[in-house]
Amino acid sequence: MKKHSARVAPLSACNSPVLTLTKVEGEDRTRENVVGTADTQSAGAAGSEPDRRRLHCCIRVTAVQVRKALWGVAMVMCVCSSWAGSTQLAKLTFKKFDAPFTLTWFATTWNCLFFPLYYIGHVYKSPERQTPRQRFRECCRFFGDDGLTPKVFFTKVAPFGLLWILTNYLYLQALRKINTTDVSALFCCNKAFVFLLSWIVLRDRFMGVRIVAAIFAIAGIVMMTYADGFHSHSVIGITLVVASASMSALYKVLFKMVLGSAKFGEAALFLSIVGSANFVFLSFVPLILYFTHVEYIGSLADIPWAYLCGVAALLFAFNVLVNFGIAITYPTLISLGIVLSVPVNAMVDFFTCEIHFNTVRLIAVFIICLGFLMLLLPEDWDQCIIRLSTKLRKRDDPGEGNGEATTGLGWRARGRTSLSTFAH
């Protein structure tokens with residue numbers, strides 16, 4: 001036992017440093033492993049932080065886009081309903097009160113409400129509340145450093161007021177001659193006229209697809225005229241609505257050339273000034289038309305005030321949605337609501353038996369609406385299609401390499417794509 005203990009002692013004595021060293025090295029390795037694991041975890045946590053932020057950003061951006069798209073769907077329905085409703089109600093109004101200029105004057109006067117409604121929204125939303133006078137003066141800077149002077153009014157506001165009156169008056173006159181489907185479809189040509197005028201006057205970018213859309217619009221006008229056999233009544237109605245679309249296009253192009261782009265408050269003030277000027281300077285015209293029996297009615301009790309107020313309210317709602325709807329949704333969706341009013345009017349006309357849908361008329365309506373939709377394409381639509389086809393082609397092709405390398409490369413590529421998308 002002594003020998004054995006003696007042997008154990010030296011062995012233990014001899015091996016103790018080795019064991020101690022081994023233990024130390026084991027501890028160091030253990031520590032290194034622990035440190036390495038901690039570093040890996042911290043690196044993983046650090047690496048996952050951007051991923052989490054990116055994911056959070058993805059969810060947030062997607063939620064914003066979904067919310068905007070939902071607002072867009074509601075906006076399309078509201079724009080379509082207000083435009084089609086005002087057209088149908090105006091047609092009914094003329095059966096009881098045949099006074100297109102008086103109706104135009106009455107509806108335009110409602111534009112006075114634009115700036116008060118805008119100011120209510122400003123008080124509700126803006127943290128810095130201003131008095132109506134301060135807000136009015138600030139918005140008047142849109143007309144220049146001197147604000148709204150008599151010279152500015154007669155040179156920059158009055159011409160647009162006349163174009164506004166002419167656009168609405170010619171549109172209502174056309175409703176007296178032809179059905180609402182043809183009127184609403186032909187008025188969609190104003191988008192093509194805006195492009196042609198912008199290309200000629202403002203030197204906008206030339207786009208082949210928009211030239212094709214303009215050709216479609218012109219062809220639709222000719223076919224619409226042919227659909228009724230070139231009768232004088234229909235030709236006059238088509239001429240009136242095409243003139244109305246031309247006045248609308250001229251209004252938009254001249255506004256961009258003379259005044260540029262306007263903010264919400266400036267646009268509201270401008271439209272309120274147009275409505276006020278219409279009330280002050282053109283109130284004598286309905287009186288003259290009344291006394292000359294051009295737009296005559298027996299007594300005030302015979303005036304269908306409900307119809308007049310309904311048309312004016314729907315037109316006012318339409319102008320509010322068109323001018324201020326871009327704050328909550330995409331402008332393309334707002335324009336889509338206008339073209340969707342054509343099939344709505346067609347359905348109403350079909351059930352009221354006021355229209356005969358022959359083949360020529362259907363083709364004319366179709367190509368006019370198609371041209372309108374083509375004009376909604378963005379300027380870089382061809383590049384977007386090329387990028388989309390390239391992505392689809394890469395997705396269909398087999399991945400280069402095998403195993404995890406392909407997955408890693410694909411993941412990095414997707415990460416860069418998503419970041420570049422969010423950056424834009």
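The values are calculated or read from the model by the stated rules, or taken from the named source; none is laboratory data. Please read these numbers as outputs of a predicted model, since none were measured by experiment. Positions of Cβ are generated from backbone atoms using ideal geometry, with glycine treated the same way; all protein chains shown enter the neighbour counts. These accessible areas exclude ligands, DNA and RNA; they are computed on the full protein's heavy atoms, side chains included. Shrake-Rupley method; radii C 1.70, N 1.55, O 1.52, S 1.80 Å.
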>> Which count do you get for residues in segment 317-356 that are of a type in the set (Phe, Trp, Tyr) and open to solvent by 60 Å² or more (accessible area, probe 1.4 Å)?
In response: 3
>> Only one of Leu377, Leu314, Leu373 is within 29 Å of the chain's Cα centre (by Cα), under 30 Å from Lys263 (Cβ atoms) and at pLDDT below 80. Can you tell me which?
In response: Leu377
> Going through segment 248-261 one residue at a time, which ones are open to solvent by 10 Å² or more (accessible area, probe 1.4 Å), more than 19 Å from Phe316 (Cα to Cα) and of a type outside the set (Lys, Arg)?
Replying inline: Leu250, Leu254, Phe255, Met257, Val258, Leu259, Gly260, Ser261
>> Out of everything in segment 228-247 that is surrounded by fewer than 18 Cβ atoms within 10 Å (Cβ to Cβ) and among the hydrophobic types (A, V, I, L, M, F, W, C), what residue ends up being nearest to Leu321 (Cα to Cα)?
In response: Ala243
> Do you know which residues across segment 169-216 are under 24 Å from Thr352 (Cβ atoms), under 22 Å from the mean Cα position of the chain (by Cα), of a type outside the set (Ser, Thr, Tyr) and assigned to a helix (DSSP H, G or I)?
Replying inline: Ala185, Leu186, Phe187
> If we keep just the residues of segment 125-137 that are open to solvent by less than 70 Å² (accessible area, probe 1.4 Å) and under 28 Å from the mean Cα position of the chain (by Cα), which is nearest to Lys256 (Cα to Cα)?
Replying inline: Arg135
>> Looking only at segment 125-154, count every residue that is without any contact (Cβ under 8 Å) to a residue 12 or more places away in the chain and part of a loop (DSSP other than H, G, I, E, B) and tell me the total.
In response: 11
>> Test of understanding: among Phe193, Phe206, which residue is closer than 18 Å to Phe372 by Cα and open to solvent by 60 Å² or more (accessible area, probe 1.4 Å)?
In response: Phe206
